[in-house]
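Each remark here refers to the structure printed beneath this line.
The values are calculated or read from the model by the stated rules, or taken from the named source; none is laboratory data. Just so you know, these numbers come straight off a predicted model, no measurement behind them. FYI the Cβ positions are ideal-geometry reconstructions off the backbone, even for glycines, and counts take in every protein chain you see. Surface areas here come from the heavy atoms of the whole protein model, side chains and all, with no ligands, DNA or RNA. Shrake-Rupley method; radii C 1.70, N 1.55, O 1.52, S 1.80 Å.
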Amino acid sequence: MWEAIQGRETGRVRSNSFVNQFKSRRILSLQLSNRKDFVSPHRGSVNSLQADLTEGRYLLSGASDGSAAVFDIQRATEYEASGLIAKHKCIFTVDKQHENGHKYAISSAIWYPIDTGLFVTGSYDHYIKVWDTNTAQAVVDFKMPGKVYRTAMSSLAMSHTLIAAGTEDVQVRLCDIASGAFSHTLSGHRDGVMSVEWSTSSEWVLYTGGCDGAIRFWDIRRAGCFRVLDQSVTQLGVRPPVLKHTAVSSKKSAKSSSGAQNRLKSLQSKHTGSQIIKGSYSAKASVEKSRQKRLHPGMLSTLDRATAHYGAVTGLKATNDGMYLLSAGSDSRIRLWDTESGCNTLLNFETGRIQTNKAIQLATSDDPALVFVPCMKTVKAFGMWSGKTRLMFRGHYESVNCCCFNSTDQELYTGGADRQILVWSPGGTMEGEMVQDEVAEDKDNWSD
Amino acid sequence: MEGRDDGGGKVMGLIEKATKSSAQEVDPRLLKAIKLTLRYSDSEVRLGAETLMELMKHHHSQVRLLTLHIIDEIFMRSKLFRALIVENLDQLLSLSVGFRTNLPLPAPSAVATILRTKAIEFLEKWNLTFGLHYKEIRLGFDYLKNTLKLKFPDLQANAARIQRERQEREMRTKEILRNKFDSLRNTFGLLKGEIGETIEEIKECLEIVQWRGDDGIPLAILDEEDYEEIRCSHLRQIRLESLKQSDKVEETSENRVVFDVLREKCKLLVKKHLISVQEGISLLTRVDVSDNRTRDSLLKELIDIKNNILATEKKCEEVGFTISRMIDTREKEETDEEEEDDIWEEDDGKVGTDPVKNVAPLPRSQNGEGSSFQSSSEAHRSTSESSSNKASSTRKFGTSGGSLRDNLISEAPVMNWGSQLSNWDSTTEVRANHRGLELESHWGRVDQDAVIPADKIAELNLQATVYREERAEIHPCHAPLKKGGLCQRRDLRACPFHGPIVPRDDEGNPITQESSENQTGIDQDVPMDESTLVSDPNQLARQIAKQALKNIREKDREELMKIANRAKLAKVREHNFSVLRDAALASTSKSAVIDEQFDRVFAARKNKKQTFSSTRRKKTTSKDRISERLLSNRVKGTKPKQLPPQGDDEKYRETAANQCMDCTSTMDVTDDEEIHQDRHSYASVPKHHSNNSSANAASALLPTTTSVHELLECPVCTNSMYPPIHQCHNGHTLCSTCKTRVHNRCPTCRQELGDIRCLALEKVAESLELPCKYMSLGCPEIFPYYSKLKHETICNFRPYNCPYAGSECSVMGDIPFLVAHLRDDHKVDMHSGCTFNHRYVKSNPREVENATWMLTVFHCFGQYFCLHFEAFQLGMAPVYMAFLRFMGDETEARNYNYSLEVGGYGRKLTWEGTPRSVRDSHRKVRDSHDGLIIQRNMALFFSGGDRKELKLRVTGRIWKEQQQSGEGGGACIPNLS
């Protein structure tokens, strides 16, 4: 460590790499924090956790007892054992007793991505509610057609404030906070939608994973989904050479969807000329786009039926660079998809069992690229490009539902069915340095 | 490397050995060995942890328990071990607590329970000691405690409570000491003065005595007999010894006065002052006060005084004055006790001393005084003699002497010591609750002042004596056995095998009475000798021969006995027979029948087979009769199932007597009616008989539909089924509401239920027409099956709910029944007449939450009305409300009007309206505010006075509105809210 600091001092080490080096070391030493406790106010399993996206300071949790709570990650409310253990009590909760609290379990609680003034909860009582953080009052609510499994808001949306909601219903609905109404209804899934995730590279692209095992990509500016991920369409390695891939894929698509193309063309010909011009323009602009356009309204039924997992897709997570998508399924597999090509990268993650009946929440870290996956009672951290288990977090007494990685503090928060919210923080650095006088030290005590 | 392996083997072996035992605890020596091994090497600890975790997985609770003990021992000691264990804490807990349902604790279950409690206990201990350092422990503890709600012994809280209690007690003690110190400081001067005075006086007396002593006046020894009786030999010894010392002054008649004074003073000094001084010293040494200087000075002075007193006392002794040391010591003991008492006297409920102690020293000290002070010996003797038997008896023991006494002593029964002696003849009452069972009020409140009177104590302490039986020697039977040897049975009189016990010689032959004395001695030797007897072949042969002889003799005797017995039996039989015959002949009219019967009985006794056949024949005849009957029934067309399945002959005969078709059909109807009543069970007693006609009318169509109707009855709730009707795979039907309750299992055949509709039955039900459920209450209508339900919700004859509002009364019935119910069960006031004038008085008008519910029933125009008066919260405002309800239907209710008035002090509130029907629930009427509402302020104003009490006079009138009827005025029921 001192070497690195010296290197930084003399300028041999760039600031960025210095920071990254330090961070990655910290991340690899994550362990159950003895110093930080979240006092869980929940009386049901914790279903959702999210640290706010602006400061990374406030943690929002949603639980099965219909309560959602907000914690301050950085400032503890009280200390125990002469400052050894920092207890973080929730700043406030909204629960069943609240006048417009949720009646049943909250399945998903997310922050409004722009600031911490609002947060959104989706519940099994068919409602999505938008809350004002400062007054702890519900400001907007949306009645959904079924239980809400997952809600998502785009972190980079500048032009819309849409909540994507996956529910029991086959349709994915986009709820507009600005207007208080549904702006889109995306149909295509054949079963309920367990997971929704906005693209991290485009504010218009939405990924959804359904109980039918399909992962669909939607461009919300257009009708219909533009891609259905197929686990059998694969590519070896994380990113194949672009040229070769496009050739292959275009050929394949040409071959497979010729009939569709014809129909599409005939359909298009009926439209006005301007549209045709526009269409041709877009087709010229990029191969990808044309393919998208050609595919989307009358996607071949074979393609439409493609599945990404056997069984339900329980979790989705886009990597921070937007190039890959991770999905977890009730077949206890994690798959890494190339979002550009839509191919399964065939990476084998060494998962054990993954919870099948509930949506799970994955988390990623950038450097080292790790994926945190709740695997029943443990959380495992896999190398994103290797699939190898790098870390294993054991501490929950019942299955873990969600995890949330806080990249500013390099801490991991996990919530489980045992109602606990556990903090996993980098260990070994300062633990031993603070010598406690009052507290009995932990040491050997051989009396005989 | 090798060494490590060796060591590893060692610790593994040790652990495995330790866990193989079946004891509750681990063998301490093995445990020590394990600890010793682990102490010196980290690798050992790692290996040990691994081994122990492996052992925890062993599928036997005993092994797990012992392993857990070892884990706990090492856990409390080694940090490394802790780190290793904590990593797998969840596993350890699931293996030891067994909280996972898929991983229950293995057999044996008794040990498993211990294992669980131990594990929980250990976890709590670990959490207490190391929880701070290991989040995992905290988590596990928290999970078990808060999520699984396991019960922890809560060690910390207990310890804290005990600590707190002790502190409280100390505080109280200190407080008491301080108070005492204050009082001592206040009275110190007085005390000092008194003591000084006494000492001075003693000195003066001593001087006088000494002077006399110097004079050398011969010492006349007091008459020995005077005190001989009252003093124990020991005391006398002391006395004699003191007498031997020539330089001591002896009491004479001349200086008796001086001595008396001296004695008095000494007594005062020793018994009072010395004690108080000692008390003071002990108090001062213990007390904790702010001004140490006063305390120290006081202490110093007290010690000086004490020394002074002791010196004086010594001087007295030197002079020969006999305040025996014994009293001193006794007195001291007593004072010590008293001291303790003093300290605790404030909270005697808790720590109070044994009451026995308080009582016990009394006779003792009396005794002592009696023996030492000769002058008052007479008086003391009398008192002591009269006071207690015990004292006198001890005294008797004490004074050795007179032969009479010795005799008496030798004759007196020796009484064993028992608790009853400690308060023998005491007249003091004993605290009943002096031990203060304060187990957190577990035993209820403790009455600290309860006492048990002395006589009760005596009664309770009655000595129980046990009758001790004299041990008698029971001689063994000693009859020779077939297999050799002698019978060793010990019976008092007779051996069940060998007859009466007679003295026998060592070979088992009975011997004559003369040699019985030495016989017993031999007898006792026999068991020991037996082995030697058997070992000797000669002896054995002889014995066998004797045995044979004996056996033969025995057999002969048995034969004889048998013959005698047989003869006796024959005689008895003959006698019985003759008696019976006589009796039979004696009975006159039925003699022949009885005779015959008698004969038959006799025949039965003689020949059982015949009887069996006869009874069988009888049975077959009855059976025949039944079959005949059945046949005839079938021919006539009645259902054979109507035949009650009875097995008894007589019952058959009965039913056979009145079996004809008409009869059965009427029975059928009544049965059905009963079923009906059961099905719609409500209190409809008074009308039961009045609807016979309708029932009869219904009976005309009932028999055709009965069976279908039965089919439409849900087997679970026994209500009629309405679509969707479900059925199981086997076709058992079930109503839809019950389907959700039966957990997808058919209640009839326990098959999986699935989701099958029974459309056929639904169609059948559709075609049915049934009378209204409230037929018995007078509804004459008949409806198609499905519209019946709809009708029943609005049927005019449907029963009313009890209008009593305060409690959730679920009684239903028609109006007369409800009136009776209100009167009898709710004790409601009944009035007749159409005007009323009521006063409502309530002492605490502020209370609204558990508001008053008052109900009065009026009877006028042949109808009943309920007047409700109650307090409730209207929004935020507390109000009182009065309204009238009509006991009957809405349509009828519209024919009546009522008015309510409340007022006083020149103001008046009036309400006029139509009574609501009791069909509308009380709450509904209340919440529609259809009545006289009085704000509390207004009500208090009407009550007048100091607004402390509510006194409302409500007057009202009910009248009949003729012209309005049928206009539908009731349709506009107001809702003022």
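Structure data summary
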read-out: Heavy-atom accessible area order for A:28, B:302, largest first, 1.4 Å probe; value: A:28, B:302
read-out: Net length gained if the chain between residue B:549 and residue B:117 were fully extended (0.36 nm per residue, minus Cα distance); value: 148.4 nm
read-out: Accessible surface of residue A:190 - all protein chains present, 1.4 Å probe, nearest 10 Å²; value: 110
read-out: Rounded accessible area of residue B:265 (nearest 10 Å², 1.4 Å probe); value: 50
read-out: Mean Cβ neighbour count within 10 Å, used as a protection proxy, ranking B:810-817, B:773-780 highest first; value: B:773-780, B:810-817
read-out: Highest-first arrangement of A:230-236, B:162-168, where packing means the average Cβ count within 10 Å; value: A:230-236, B:162-168
read-out: Inter-chain Cβ neighbour average for residues B:139-147, partner chain, 10 Å; value: 4
read-out: Protein accessible surface hidden between B and A, which excludes ligands and nucleic acids, total in Å², probe 1.4 Å; value: 2700
read-out: Relative contact order computed over region B:744-788 (Cα-Cα under 8 Å; 6+ residues apart), in percent; value: 28
read-out: Candidate residues B:794, B:34: accessible-area rank, largest first, probe 1.4 Å; value: B:794, B:34
read-out: Burial order of peptide ranges B:948-961, B:485-498, A:113-126 (average beta-carbon count within 10 Å, highest first); value: A:113-126, B:948-961, B:485-498
read-out: Charge-dipole axis of region A:39-116 as Lys and Arg at +1 and Asp and Glu at -1 on Cβ define it, positive-most pick from A:40, A:91, A:58; value: A:40
read-out: Spacing of the two label points (7 Å from each Cα toward its C-beta) at residue B:307 and residue B:570, in nm; value: 11.7
read-out: Per-pair calculated FRET efficiency, R0 = 41 Å: residue B:146 and residue B:16 via Cβ, rounded to 0.05; value: 0.65
read-out: Neighbourhood net charge (15 Å Cβ-Cβ; Lys/Arg +1, Asp/Glu -1) for residue B:108; value: +3
read-out: For region A:54-188: relative contact order, % (alpha-carbon pairs under 8 angstrom, 6 or more apart); value: 15
read-out: Charge context of residue A:117, other residues only, Cβ under 14 angstrom, K/R +1, D/E -1; value: -3
read-out: Contour excess over end-to-end distance, with Cα ends at residue B:744 and residue B:43 and 0.36 nm allotted per residue; value: 246.6 nm
